[in-house]
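So that we are looking at the same thing, I have put the structure below in structure tokens.
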Amino acid sequence: MPLGDPSGGSFEYTVEGLPESLAGAFIPVRDTGSSSRFYNRVLKMDLVSDDGETAVVGRKGFYLVLRKSQIFGVDTGIILGVDNPYDLHRRFIDEGVVFVRDPLRGPIGVYTSFRDEDGNVLHAVDRRAMGQRVDPPGTETDH
């Protein structure tokens with residue numbers, strides 16, 4: 001939509017200022033300490049901070065904010081991009097993670113859904129199906 005310029009000119013926005021990535025998401029948890037340990041142990045996310053009410057965990061440029069709440073065990077709607085949902089499923093089964101949905105092909109590609117320690121549901125999808133760049137093995141970079 002063309003917008004006026006205070007100096008009298010006219011210009012049209014293209015993509016300036018629009019979101020380019022998901023920086024993070026909030027997840028309600030019972031206890032930030034035990035929840036952050038789950039995300040570290042299972043998802044290999046680093047603990048960035050934890051003040052007892054809010055913990056931040058992250059990996060490869062994205063963050064999850066674990067916020068203490070009396071309401072937890074929700075479908076977060078969070079979809080994590082993975083190289084292979086079948087590999088994630090096999091690995092997490094070995095870790096004792098509870099799955100809500102075994103890997104299957106859906107409208108967004110092959111995906112699977114699992115619960116964290118607080119019963120919150122997270123989803124994982126093949127990154128290629130979502131149009132995300134996949135680096136060859138041994139050349140991972142932070143995106």
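Enumerate the amide H contacts of residue 48 below 5 Å, restricted to partners 5 or more residues apart or on another chain; note that Pro and chain-start residues carry no placed amide H.
Distant-sequence amide H within range of residue 48: 56, 57, 58.
Among DSSP beta bridges lying fully in segment 22-130, give the percent that are antiparallel, nearest 5. Provide the component values of the computation, followed by the final result.
Working: 20 of 31 bridges.
So the antiparallel bridges in segment 22-130 amount to around 65 percent.
Please compute the length gained on full extension between residue 94 and residue 26, using 0.36 nm multiplied by the number of residues separating them and subtracting their Cα-Cα distance.
Working: separation 68, 0.36 × 68 = 24.48 nm, distance 2.64 nm.
Length gained between residue 94 and residue 26: 21.8 nm.
While we're here: So what is the relative contact order for segment 22-111, in percent, with contacts set as C-alpha pairs under 8 Å and at least six apart?
On the way: 118 pairs, mean separation 23.7, N = 90.
Relative contact order comes out at 26 percent.
Need one word for segment 22-130: rounded, prolate or oblate. Basis is the Cα gyration tensor (sqrt eigenvalues a ≥ b ≥ c); a/c below 1.5 gives rounded, then a/b vs b/c decides. Mind dumping the intermediate values first?
Numbers: a/c = 1.79, a/b = 1.62, b/c = 1.11.
Here segment 22-130 falls in the prolate category.
Further, regarding this structure: Arrange the peptides 16-24, 31-39, 74-82 so that the one whose residues have, on average, the most other Cβ atoms within 10 Å appears first.
Details: 16-24: 8.7, 31-39: 18.6, 74-82: 15.8.
Final packing ranking: 31-39, 74-82, 16-24.
While we're here: Which order, highest average first, do 116-128, 58-70 follow once you tally other Cβ atoms within 10 Å for each residue and take the mean per peptide? Mind dumping the intermediate values first?
On the way: 116-128: 19.2, 58-70: 16.5.
The peptides rank, most packed first, as 116-128, 58-70.
Which residues' amide hydrogens lie under 5 Å from the amide hydrogen of residue 74, considering only partners 5 or more residues apart or on another chain, with H built in the peptide plane?
Residues meeting the criterion, in which the H sits 1.01 Å from N, are 120, 121.
Taken together, the values in this text are just the output of simple stated rules run on the coordinates, not laboratory data. Remember, predicted model here, so these are calculated numbers, not experimental data. Note that we place each Cβ from the backbone using ideal geometry, even for glycine, and neighbour counts take in every protein chain shown.
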